[in-house]
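**Q** Before we start, here is the structure in question, set down as structure tokens.
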Amino acid sequence: MELSNEQAERYSRHIVLKGVGIEGQKKLLNGSVFIIGAGGLGSPAAMYLAAAGVGTIGIADADSVDLSNLQRQIIHTSNDLGRDKVLSAEETLLSINPDITVNAYCVRVNQDNILDLISGYDFVLDCSDNFATKFLINDACVKARVPFSHAGISGFQGQLMTYVPKEGPCYRCIFKEPPPDGAVPDGRQTGVIGALCGVIGSMQAMEAVKYLIGEGELLTGCMLTYDAMNADFRKIKLPEKVNDCSVCKGR
Ligand SMILES: [Zn+2]
């Protein structure tokens, strides 16, 4: 595959970049990322991946755009209120970059559909907002041997880690089980600062880009935490894969 003149111009700041170049850009154009959640994290992640020329972006979310989303979910605008989030997201992504393919699914990801949805994708982003979905994504990605970036945000705090098959622990190795329903307040109750979603979602996009181009260090085997109020980033080394983990054991 050769880059067209238009692609050479559009991606020129990647192409001159040591570590990306024409070969790296081709890897992005041939790459695919599936994003679960078109909300606070999914918005910046999807927009940066689209702008970067990641050739195929899948995105799943069952919700429609609500006024209370717009404080942080920057892929949607006031004109999108009431629309399916994935359709609003698809329109924004293609307006940023018509050079890519977007596969939009207005579904809630569940046990029955997740393996079909992520099948064939190179990398998955967990941009979900609840523990049940985070464990579901982990278990499916480990089983399907698909690398993924986990992220979570609450208030002024964010965290992320990356799972790559055979490298480092999975999300379940660390957190074992979802907390009981109601034990941890959700975003509706605690709130979340908008720009935090931009920081953490953009870092998820960065993990996907590094994985696709095969350069740099991923957040495998460690958890990066960000305390936005105190401008404090920490990279915490995680324990090795847990031997009796019910999901990644033997994988
Ligand atoms: Zn595990």
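The values are calculated or read from the model by the stated rules, or taken from the named source; none is laboratory data. As the structure is a prediction and not an experimental result, all values here were calculated from the model. Glycine also receives a Cβ, built like all others from the backbone with ideal geometry; neighbour counts cover every protein chain displayed.
**Q** Filtering the stretch 208-226 down to residues that are within 16 Å of the ligand (Cβ to nearest atom) and not in a loop (DSSP other than H, G, I, E, B), which residue is nearest to G155 (Cα to Cα)?
**A** Only one residue tops the list, namely M223.
**Q** Here is a check on your reading of the model: is V146 aliphatic (A, V, I, L, M) and touching a Lys or Arg at 6+ places or on another chain (Cβ under 9 Å)?
**A** Numbers: aliphatic (A, V, I, L, M): yes; touching a Lys or Arg at 6+ places or on another chain (Cβ under 9 Å): no.
Spelling it out, it is not the case that V146 is aliphatic (A, V, I, L, M) and touching a Lys or Arg at 6+ places or on another chain (Cβ under 9 Å).
**Q** Which one of these is modelled with pLDDT of 95 or more, more than 24 Å from the chain's Cα centre (by Cα) and within 20 Å of G214 (Cβ to Cβ): L3, L28? Don't jump to the end; show me each part of the working.
**A** Working: L28 fails: more than 24 Å from the chain's Cα centre (by Cα).
Only one candidate qualifies: L3.
**Q** Given the condition within 14 Å of the ligand (Cβ to nearest atom) and either of a type in the set (G, A, S) or surrounded by 15 or more Cβ atoms within 10 Å (Cβ to Cβ) (or both), answer yes or no: does some residue in the stretch 117-134 qualify? It would help to see each step written out before you state the result.
**A** Residues of the stretch 117-134 that are within 14 Å of the ligand (Cβ to nearest atom), as a first pass: 134.
Right, trim to either of a type in the set (G, A, S) or surrounded by 15 or more Cβ atoms within 10 Å (Cβ to Cβ) (or both) and you get 134.
Yes: one or more hits.
**Q** Could you please let me know if S88 is crowded, with 23+ Cβ neighbours inside 10 Å and either small (G, A, S) or under 24 Å from S4 (Cα atoms) (or both)?
**A** On the way: crowded, with 23+ Cβ neighbours inside 10 Å: yes; either small (G, A, S) or under 24 Å from S4 (Cα atoms) (or both): yes.
The answer is yes for S88.
**Q** Could you tell me whether M229 is surrounded by fewer than 19 Cβ atoms within 10 Å (Cβ to Cβ) and more than 16 Å from the ligand (Cβ to nearest atom)?
**A** Criteria met by M229.
**Q** Can we say C197 is crowded, with 19+ Cβ neighbours inside 10 Å and either at pLDDT below 95 or within 16 Å of the ligand (Cβ to nearest atom) (or both)? Explain how you work it out, then say what you get.
**A** Values: crowded, with 19+ Cβ neighbours inside 10 Å: yes; either at pLDDT below 95 or within 16 Å of the ligand (Cβ to nearest atom) (or both): no.
Spelling it out, it is not the case that C197 is crowded, with 19+ Cβ neighbours inside 10 Å and either at pLDDT below 95 or within 16 Å of the ligand (Cβ to nearest atom) (or both).
**Q** Out of everything in the stretch 232-251 that is in a strand (DSSP E or B) and closer than 17 Å to M161 by Cβ, what residue ends up being farthest from the ligand (Cβ to nearest atom)? Steps first, please.
**A** Keep residues of the stretch 232-251 that are in a strand (DSSP E or B), which gives 232-237.
Keeping just the survivors that are closer than 17 Å to M161 by Cβ gives 233-237.
Details: F233: 25, R234: 22, K235: 20, I236: 17, K237: 16 Å.
Among residues in the stretch 232-251 that are in a strand (DSSP E or B) and closer than 17 Å to M161 by Cβ, the one farthest from the ligand (Cβ to nearest atom) is F233.
Yes/no per residue for (1) without any contact (Cβ under 8 Å) to a residue 24 or more places away in the chain; (2) in contact with a Ser or Thr (Cβ under 8 Å, 6 or more places away or on another chain); (3) within 24 Å of I213 (Cα to Cα); (4) surrounded by 15 or more Cβ atoms within 10 Å (Cβ to Cβ):
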residue: G55; (1), (2), (3), (4): no, yes, yes, yes
residue: D61; (1), (2), (3), (4): no, no, no, yes
residue: Q73; (1), (2), (3), (4): no, yes, no, yes
residue: D80; (1), (2), (3), (4): yes, yes, no, yes
residue: D84; (1), (2), (3), (4): yes, yes, no, yes
residue: I96; (1), (2), (3), (4): no, no, yes, yes
residue: V107; (1), (2), (3), (4): no, no, no, no
residue: N110; (1), (2), (3), (4): no, no, no, no
residue: I114; (1), (2), (3), (4): no, no, no, yes
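**Q** For the stretch 1-54, enumerate the residues that are of a type in the set (G, A, S), over 24 Å from V124 (Cβ atoms) and in a helix (DSSP H, G or I). It would help to see each step written out before you state the result.
**A** Residues of the stretch 1-54 that are of a type in the set (G, A, S), as a first pass: 4, 8, 12, 19, 21, 24, 31-32, 37-40, 42-43, 45-46, 50-53.
Okay, now just the ones that are also over 24 Å from V124 (Cβ atoms), so 4, 8, 12, 21.
Within the stretch 1-54, A8, S12, G21 meet the criteria.
**Q** Can you name the number of the only condition in (1) within 15 Å of A228 (Cα to Cα); (2) out of contact with any helix residue (DSSP H, G or I) (no Cβ under 6 Å at 6 or more places or on another chain); (3) not basic (K, R) that D181 fails?
**A** Unmet condition: (1).
**Q** For the stretch 150-179, name all the residues that are part of a strand (DSSP E or B), within 16 Å of the ligand (Cβ to nearest atom) and surrounded by 16 or more Cβ atoms within 10 Å (Cβ to Cβ).
**A** First, the residues of the stretch 150-179 that are part of a strand (DSSP E or B): 150-155, 157-164, 167.
If we keep only those that are within 16 Å of the ligand (Cβ to nearest atom) as well, we get 150, 161-164, 167.
Matches in the stretch 150-179: H150, M161, T162, Y163, V164.
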